[in-house]
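Below is one structure, written out as structure tokens, with a few remarks after it.
The values are calculated or read from the model by the stated rules, or taken from the named source; none is laboratory data. Only a predicted model underlies this, so the values are computations on that prediction, with no experimental measurement involved. Positions of Cβ are backbone-derived with ideal geometry, glycine not excepted, and every protein chain shown enters the neighbour counts.
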Amino acid sequence: MKTKAMNVTEKILSAHLVEGDPAVDRELGIKIDQTLTQDATGTMAYLQFESMGVPRVKTDVSVSYVDHNTVQIGFENADDHDFLQSIAKKYGIIYSKAGNGICHQLHLERYGKPGTTLLGSDSHTPTGGGIGQIAIGAGGIDIAVAMAGGAFHIPTPKVRAIVLKGKLKKGVSAKDVILKVLEKFGTKGNVGWIFEYTGPGVKTLDVPSRATITNMGAELGVTTSIFPSDKVTKQFLAAQGRAKDYVEIVPDKGAKYDDTFTVDLSKVEPLMAAPHSPGNIITVKSMKGKKVNQIMIGSCTNSSYRDIRTVALYLKGKHVADDVEVGIACGSRQVIDMLAKDGSLGILHRAGCRMLENACGFCIGAHMSPRTGAISLRTNNRNFEGRSGTKSAGIYLVSPETAAASALTGKVEMPTKNPVAAVPSPKKFPVDDSMFLYRTTAGKGVKGAEIVRGPNIAQVPKGEKLASSYKAVCAIKVGDKITTDHIMPAGARLKFRSNIPEYAKFVFEPCDPQFHNNCLANKAAGAVNVIVAGESYGQGSSREHAALCPMYLGVKAVIAKSIERIHRANLINFGIIPFEFENASDYEKFSASDSFSLDGVRAAVEGDGVLQIKTKKGVVSVRTRLSDREKHLILCGGLLASL
Ligand code: MIC
Ligand code: SF4
């Protein structure tokens, strides 16, 4: 019998399918081979894992990275690091110490494996798609379930082929390609899709370039993005001393896709994402000559050896302009090691760049906030308003090439004017795994290991069972494209990630600093809180705190025009009902502070998900489309409460 011709996505998913049938079901359960966490979401993930009472992780590989909260002002972050290290030791998790590098870059270098599944508590986990992995971002509790051996659930995907043809011009790179894809598909409306890169142009991109593209696919709101595993992948793995991890995974001849979009690489121009959304794409040319105050190079999108070496080649023998601040954060120690050996580090220092720690740093607003009203060019993936720490700053997302060319004059410059030679893929990467601890006890754990719990580690609150009806208040009404950075700011507030009562004080801080107090007052008056939102609610980061902290403040439902995948799953995991308007114009019928009832809400969740709400301006029909598994979670008050 002839078997069906499959694309790369179908090949990996069918080999990992444990629940559901793609032909009939809206949701699939897949087996997870690897997990990754980072410190800012990891503490919650492990607290939740602990409460599941499982003696050790059941995955092939689980790695706990420390890369987000590495600036230690006060005891909180150091408390978190100790807690994470002790958990890793006990449960058989590999621990990547602060200073080792950024989770996605490190995972690609040392653990990512073609043909496997990776679930990470970070929305940029799809970086692993660059090496032919189905790598998906999720909330911490989903990672906890996966570490305990449970399945992960995704909406049955539609697969779009992004066919690459031709070859990029000099000075144009992978960042411009993903910006091109974002220009076409935007940051909303892509829920449930997987973007699979294919076509003859694929072979012209090295693994780090592919990873830049799949990394920033997160900004499209897709489930993940993936490249095939081919000769280029093979060479990369061999150069990392991991030839045995290679398997070829390419689409079968005649493989089908739900949609196709072709990008002619030779026609891609240098692009940038203008403030305040990664979907606001303009050409670099249109901004040429614009004065720039700050340039930041690095982040999980653009911190590979290929990227930073390219920057060094642009700056070789030159100096950055006097009135521009240039900061560079490499992705890993391996990258720094190579730059030290080939002289790039010296070039960058002599050029007047500030060499920063190999961590998330500026990207998460942990430091290097630009000055008031600044124009800052950055090579990372998100330019949400205020994320840099400076609300009045305009952040433009660019390629390393554009960043480097502009650093020399302090103005936006075309990277194609004096392009440098392509950086060849190294034949051998220097490998030093010494900052990955507990490799020998991975999967086993150390018996009797003590968990270290400083005062910053608080317990995870549990949700309450869904009642039949509620008195409710519209605690906030927000517009379109509200990101999880709006809901649960990071930057200066990041250090409270392990302490929900403290962190909850800052929910919606950028939109309404009174949100926390109002919610508690409504709660005390016996009402639940409801969030009303426009389109694409919950874009961006996977931080489950954007659901967990609202749950703690008595939020029971979100009513939005549409909700993004990771955030929707997080809401359900914490017993918050993700309603959507049946008729988008009914959004106008709600105002902040309105009181109304959620009459018969339990019956609605048990039934078809439709609820009628009487507002001052008329009746509004809202609907939640839940699988049986999701219904169960909501009825119990969330995943933890369901155990
Ligand atoms: C981000 O880039 O927004 C983060 C910080 O890496 C988040 C995770 C977090 O909020 O801790 C993400 O992308 O999921
Ligand atoms: Fe870290 Fe930024 Fe990447 Fe998030 S996007 S993982 S903060 S480097």
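Overview of values
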{"item": "Qualifying residue in the stretch 624-642 (condition: hydroxyl-bearing (Ser, Thr, Tyr), touching a Phe, Trp or Tyr at 6+ places or on another chain (Cβ under 7 Å) and within 30 Å of residue 224 (Cα to Cα))", "result": "yes"}
{"item": "So residue 177, is it outside any loop (DSSP other than H, G, I, E, B) and of a type in the set (Val, Ile, Thr)", "result": "yes"}
{"item": "Within the stretch 324-443, strands (runs of 3 or more DSSP E) holding 1 or more residues that are among the hydrophobic types (A, V, I, L, M, F, W, C), away from ligand 1 (no atom under 16 Å from the Cβ) and farther than 25 Å from residue 278 by Cβ", "result": "354-356"}
{"item": "Selection count, the stretch 451-486, where residues are within 16 Å of ligand 1 (Cβ to nearest atom) and touching a Lys or Arg at 6+ places or on another chain (Cβ under 7 Å)", "result": "3"}
{"item": "Candidate set from the stretch 522-578 (those that are among the basic types (Lys, Arg) and within 16 Å of ligand 1 (Cβ to nearest atom)); member that is farthest from the chain's Cα centre (by Cα)", "result": "568"}
{"item": "Residue under evaluation residue 76, criteria (1) crowded, with 24+ Cβ neighbours inside 10 Å; (2) within 16 Å of ligand 1 (Cβ to nearest atom), criterion not met", "result": "(1)"}
{"item": "Residue 311 vs. criteria under 30 Å from residue 100 (Cα atoms), touching a residue at least 12 places away in the same chain (Cβ under 8 Å), more than 16 Å from ligand 2 (Cβ to nearest atom) and part of a loop (DSSP other than H, G, I, E, B)", "result": "no"}
{"item": "Residue 480 of a type in the set (Asp, Glu), modelled with pLDDT of 95 or more and assigned to a helix (DSSP H, G or I)", "result": "no"}
{"item": "Condition check for residue 36: under 19 Å from residue 126 (Cβ atoms), touching a residue at least 12 places away in the same chain (Cβ under 8 Å), surrounded by 24 or more Cβ atoms within 10 Å (Cβ to Cβ) and not small (Gly, Ala, Ser)", "result": "yes"}
{"item": "Identity of the residue in the stretch 6-34, in contact with a Phe, Trp or Tyr (Cβ under 8 Å, 6 or more places away or on another chain) and in a strand (DSSP E or B), that ends up farthest from ligand 2 (Cβ to nearest atom)", "result": "29"}
{"item": "Qualifying residues in the stretch 459-486 (those that are among the small types (Gly, Ala, Ser) and buried (at least 17 other Cβ atoms within 10 Å of the Cβ)) - the one farthest from residue 83 (Cα to Cα)", "result": "472"}
{"item": "Checklist (1) over 24 Å from the mean Cα position of the chain (by Cα); (2) within 16 Å of ligand 2 (Cβ to nearest atom) applied to residue 495, failing item", "result": "(1)"}
{"item": "Residue 447 being basic (Lys, Arg), away from ligand 1 (no atom under 14 Å from the Cβ) and within 30 Å of residue 614 (Cα to Cα)", "result": "no"}
{"item": "All strands (runs of 3 or more DSSP E) inside the stretch 544-620 with 2 or more residues being within 25 Å of residue 502 (Cβ to Cβ)", "result": "555-560"}
{"item": "Among (1) under 19 Å from the mean Cα position of the chain (by Cα); (2) within 16 Å of ligand 1 (Cβ to nearest atom); (3) buried (at least 24 other Cβ atoms within 10 Å of the Cβ), the one test that residue 152 misses", "result": "(3)"}
{"item": "Hits in the stretch 182-208 - residues which are surrounded by 23 or more Cβ atoms within 10 Å (Cβ to Cβ) and in a helix (DSSP H, G or I)", "result": "182, 207, 208"}
